[in-house]
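The values are calculated or read from the model by the stated rules, or taken from the named source; none is laboratory data. Note that this is a predicted model, so its numbers are computed, not measured. Cβ atoms come from the backbone with ideal geometry, glycine included; neighbour counts cover every protein chain shown.
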Amino acid sequence: MKSLRVANPLFTEHSANTIINYKCKAANLRQYCSRFKRKSVVIRSANIKGWCRDCEAPIPAAPQCEACGSYRRIAHPEAAVLSIAHIDCDAFFCSVEKRDNPDLADKPVIVGGGRRGVVAAACYNARVYGVRSAMPMFKALKLCPDAVVIRGNHGAYSYEGRRIKNMMLDLTPLVEPLSIDEAFLDMTGTERLHGAPPALMLMRFQKRVLKEVGVTVSIGLSYNKFLAKTASDLDKPHGFAMLGRADAQDFLADKPVGFIFGVGPSFARTLAKSGIETIKDVRMKTDREMMTLFGESGLRLARLARAEDSRPVKTQRERKSVSAETTFNDDIRDKDPLLDKLWFVSQKTADHAKAKDIAGRVVTLKLKTSDFKTVTRRKTLEQPTQLADIIFKTCEQMLLREPGDKAYRLIGAGLSGLSAPTGDSGDLLDPGAMARAKAERASDKARDKFGKNAVMKGRELKMKSRGMKGAPAAPTHKDAARKSSRSAGMRSIGMKGASAAPEGQKSRGMLKPKTISTPRKRGE
Ligand SMILES: [Mg+2]
């Protein structure tokens, strides 16, 4: 160990020695240390670029690890100082399915809902055929007819997602979950805690997840969130990529504007009309010009094009909306059955808002036509609400204004412009509003006490008599257990992939699996 000579400011003698000492303490690395001593390897600081992914030895410039001979390594001149990470599980739902059923290992697997649903996740074997998340299932099966389609077990995915998140929390308390299977981590200052720089700890994390959970994760490491997220996409699956201050500018320059997260095809077309096609083109414009041309989005884009992103990693994600939607088994053209479905999603949205103790001023109606065109309509209310009655009535007005000749395959209702609830207020134009609000609160209390089907509205009874999906079943003794599962925070709202679940699937995903103990998700 004494032969270690380090002069690189990016990799100080202290940190290099700390790593080596830490590695000597690790039982699984004793063999490496003895080899290291025997060879009396002098690690020259200028050559240290990273670590071997197999034995974790610091590696010199040579592509091969001197300790174990492996060619697998993570390497970057700034490897010792980068500390903002983005971790993303690879094809998470499919990886869990393949882990539980080894027969699926080499087969193309799609997790998603039935004939009318969409792809919630596609494994890498299926992606070779062009299958992508959120693609309609019929289209996915046309591209890959041999794919194994699995409806999915969202309870199991949530459980594994929480296990992985807990492992992230062993690395740093600053974990910002983005969805069930990805998160940002700020590991600044954790080197003293762990005795190893973030890159090395993340490499160990990657191995731990594979060993304990049985799925692979891809990691991006940089100095801000934008670049970390960009890096994690560079080397999938089971990848580890780093972007440093010195290489970020050049790396981004030739990329198309769509490479920047948040620039969709529509915004990219708008930018192209102004002669902006690559990130280099964005840099040619001043912030003022970008702001004038494209507003706030333009300014954000100008900053990201220069690899500037000052957003901190937040442990509490600010919720921007709550919503619920359902895909029909068959397209619906008539307004009456559409209104029945609308009541169902309005009530679910209200339930989410009440459970989170939030209210929203903006009510959104979402429709998807039979030819897959999405229509959204919004209305801003005088007062924020969390009542199903108001959400329904507002969406109803918007729905009835839509042309009557269209058939729809999906309906959704949402609340945004969120704030703390301010209490129910009357409506001068609707004298019955206050009475209905009181009735809804009273029925909520009854549902809390006796189960969600204890109180039914006329519309729900009508749906039930027609045998429609989404209509509540007759109250059973299981309702109390379901209620406690709901209050344990097992909601699928906002979960990546879940919003695309077909009719009837979301409600299953919201229930806690009976065999698994699932602690409440942090940060919710
Ligand atoms: Mg993922």
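For segment 186-234: of the residues being away from the ligand (no atom under 15 Å from the Cβ) and in a strand (DSSP E or B), which is surrounded by the fewest Cβ atoms within 10 Å (Cβ to Cβ)?
D186
Considering D103, D88, which residue is within 11 Å of the ligand (Cβ to nearest atom), surrounded by fewer than 24 Cβ atoms within 10 Å (Cβ to Cβ) and not aromatic (F, W, Y)?
Answer to the selection: D88.
What pairs come up if the first residue lies in segment 174-192 and is outside the structural domain of E160 (by TED's automatic domain parsing), the second is more than 16 Å from the ligand (Cβ to nearest atom) and not polar (S, T, N, Q), and their beta carbons are under 7 Å apart, counting only those six or more places apart or on different chains?
Going by the 7 Å Cβ cut-off, there are no qualifying pairs.
Residues that are farther than 28 Å from D186 by Cα, β-branched (V, I, T) and in contact with a helix residue (DSSP H, G or I) (Cβ under 8 Å, 6 or more places away or on another chain): does segment 310-317 have at least one?
No, there is no match, as no residue in segment 310-317 is farther than 28 Å from D186 by Cα, β-branched (V, I, T) and in contact with a helix residue (DSSP H, G or I) (Cβ under 8 Å, 6 or more places away or on another chain).
For segment 84-154, give me every one of the helices (runs of 4 or more DSSP H) that falls completely inside it and has 2 or more residues that are of a type outside the set (V, I, T) and over 21 Å from S179 (Cβ atoms).
Passing ranges, in order: 137-143.
From the list K354, K348, K314, K368, which residue is at pLDDT 90 or above, under 25 Å from the mean Cα position of the chain (by Cα) and in a loop (DSSP other than H, G, I, E, B)?
Just a single option satisfies the conditions, and that option is K314.
Kindly provide the set of residues from segment 165-187 that are among the β-branched types (V, I, T) and in contact with a helix residue (DSSP H, G or I) (Cβ under 8 Å, 6 or more places away or on another chain), ordered by number.
Hits for segment 165-187 are V175, I180.
Rundown of residues vs (1) surrounded by fewer than 16 Cβ atoms within 10 Å (Cβ to Cβ); (2) of a type in the set (D, E), yes/no style:
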{"site": "R269", "(1), (2)": "yes, no"}
{"site": "S297", "(1), (2)": "no, no"}
{"site": "S323", "(1), (2)": "no, no"}
{"site": "D330", "(1), (2)": "yes, yes"}
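How about segment 113-127: which of its residues are away from the ligand (no atom under 15 Å from the Cβ) and closer than 24 Å to V209 by Cβ?
The answer is N125, and nothing else.
Residue check, K165 against (1) touching a Pro at 6+ places or on another chain (Cβ under 8 Å); (2) away from the ligand (no atom under 16 Å from the Cβ); (3) within 26 Å of F240 (Cα to Cα), all met but one. Which one?
All conditions are met except number (2).
Does S297 fit the bill of being touching a residue at least 12 places away in the same chain (Cβ under 8 Å), closer than 28 Å to F372 by Cβ and not assigned by TED's automatic domain parsing to the domain that holds G414?
In short, yes.
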